[in-house]
Amino acid sequence: MVGLIGWPVEHSVSPAMHNAAFEALGLDWCYVPLPVRPGHIAEALAGIVALGFGGVNVTVPHKQALVPLVDELSEAARAIGAVNTVIVMDGGRTTGHNTDAGGFMRALKALPFDPHGCSALVLGAGGAARAVVYALATNQVEVTVLNRTPERAEALVEALRGFASARLYAGPLIADRLRKVGANVDLVVNTTPLGMWPHIEGSPWPEELPFPAHALLFDLVYNPRETRLMCQARAVGARACNGLDMLVYQGAEAFTSWTGREAPVDVMRDACLAALQGAA
Ligand code: NAP
């Protein structure tokens, strides 16, 4: 047994994605949604150990709260300050990982996009941004983080400076900064929820400001598959992708850490798409 701890969890596509993968490989495993109220994560962790689970994924609002509760932390989980995957080992010891960073980097490289020697602009400074900036900075990408609340961008950059030697900058998410920073970057990553269903007209990029045509847009939003921001990027000829492959690859990394098997990513992607279509 494995599952997803969060609150709420009923709209997640992870059960469909992982159960399709188990079935494809003929593994006698099952992935279940595990709704856990805020403030009850310590009991939930003890519960999955007691029940003999192989591990869990963890989502909002418990990712940060798990950091001091697991027995061991991976370098990525420590740097990002959030656990999205727990492995329960024989004897009940727990290890906390963060597969968002690896999932993002694998999806980026699969496009293909070679981050070597690049500079990036990250929009937003929440939990997902932290994983993305960690992934980029540990691949020597220079990163500027612009956020509605600039203090949060500053705090993110400060927290990650100790883990990577890449140059990191922070500032407010305003048109003037987008224009100046955007003119010189190879990659723009949207980590805000703007544009996500049902508010699909939202975008962090002002309509009156052309998206930089030379940059690749990576939007972490995957529902809808074509976001408003992706349309803005494509309108000027820029390459653009959504966050579906990041979701699939972070799931694939978790799958492998639990089962020791290579994940069937095409099966997982198809299952996600089917689940998203069913939910729409
Ligand atoms: P979060 O921790 O709540 O952070 C949200 C960020 O977006 C914050 O920086 C926030 O700015 C900013 N923001 C929110 N509303 C905004 C608005 N109206 N205008 C400007 N900025 C706004 O959320 P998260 O966990 O990082 O997730 C962010 C998005 O990434 C979600 O859409 C999530 O579904 C997606 N995601 C995708 C994947 C994937 O695998 N594709 C993985 C993880 C997350 P403030 O700091 O000013 O509040």
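Which of LEU216, VAL236, GLY202 sits closest to the plus end of the dipole of region 195-240, meaning its Cα is farthest towards the positive end, when Lys and Arg get +1 and Asp and Glu get -1 on the C-beta?
LEU216
In region 1-124, what percent of the accessible surface is made up of carbon and sulfur (1.4 Å probe, ligands and nucleic acids excluded)?
Looking at region 1-124 in its full context, I get 56 percent from C and S.
Determine the relative contact order of region 2-141: mean sequence separation of Cα pairs under 8 Å and six or more apart, normalised by residue count, in whole percent.
Relative contact order, region 2-141: 19 percent.
Report the Rg/Rh value for the chain, based on alpha-carbon coordinates and the Kirkwood definition of Rh.
The Rg/Rh ratio comes out at 0.97.
Of PRO8, LEU247, GLY171, whose Cα points farthest to the positive end of the dipole of the chain (charges on the beta-carbon: +1 Lys, Arg; -1 Asp, Glu; origin at the Cα centre)?
Highest projection toward the positive end goes to GLY171.
Please report the carbon-and-sulfur percent of the accessible area for region 125-182; probe 1.4 Å, protein heavy atoms only, DNA, RNA and ligands left out.
48
Please give me, ordered by residue number, the chymotrypsin sites (Phe, Trp or Tyr not before Pro) of region 170-259 that lie in loop per DSSP and have at most 16 other Cβ atoms within 10 Å.
Those that pass, being in a loop and sparsely packed, number zero.
Output the relative contact order of region 214-280, whole-number percent, from Cα pairs under 8 angstrom with separation of 6+ residues.
Relative contact order for region 214-280 comes out at 27 percent.
If I take every Cα pair under 8 Å that is 6 or more residues apart in the chain, average their sequence separation and divide by the length, what percent do I get for the relative contact order?
Once divided by the residue count of the chain, the mean separation gives 17 percent.
Taking 0.36 nm per residue of separation and subtracting the Cα-Cα distance, what length does fully extending GLU201 through TYR169 add?
8.7 nm is the gain from fully extending GLU201 to TYR169.
Report, in debye and to the nearest 20, how large the dipole of the chain comes out about its Cα centre when Lys and Arg carry +1 and Asp and Glu carry -1 on their Cβ.
520
For the chain, set up a GNM with springs between Cα atoms under 10 Å and report which of ALA44, ALA170, ALA131 has the largest fluctuation.
It is ALA44.
Which distance in nm do the two modelled labels at ARG225 and ASP28 give, with both placed 7 Å along the Cα-to-Cβ direction?
Going from the ARG225 label point to the ASP28 one covers 3.7 nm.
In square angstrom, what is the accessible area per residue of region 1-133 with a 1.4 angstrom probe?
42
For region 1-66, which GluC sites (Glu not before Pro) pass both filters: DSSP loop (anything but H, G, I, E, B) and at most 16 other C-beta atoms within 10 Å?
Sites meeting the loop and neighbour criteria: GLU10.
Considering only DSSP beta bridges where both residues belong to the chain, give the percentage that are antiparallel (nearest 5).
Antiparallel bridges: around 20 percent, rounded to the nearest 5.
Please calculate how many Å² of accessible area region 184-249 carries per residue, with a 1.4 Å probe and no DNA, RNA or ligand atoms counted.
44
Once both labels are modelled 7 Å past Cα along the beta-carbon direction, what's the GLU10-ARG261 spacing in nm?
If labels sit at GLU10 and ARG261, their model points lie 3.1 nm apart.
If DNA, RNA and ligands are ignored and the probe is 1.4 Å, what is the ranking of VAL86, VAL49 by accessible area, most exposed first?
VAL49, VAL86
The values are calculated or read from the model by the stated rules, or taken from the named source; none is laboratory data. Note that the coordinates shown come from a computational prediction; the quantities given were computed from them, not determined experimentally. All Cβ positions, glycine included, derive from the backbone under ideal geometry; neighbour counts span all protein chains shown. Just the protein is used for accessible areas: all its heavy atoms, side chains included, with ligands, DNA and RNA removed. Shrake-Rupley method; radii C 1.70, N 1.55, O 1.52, S 1.80 Å.
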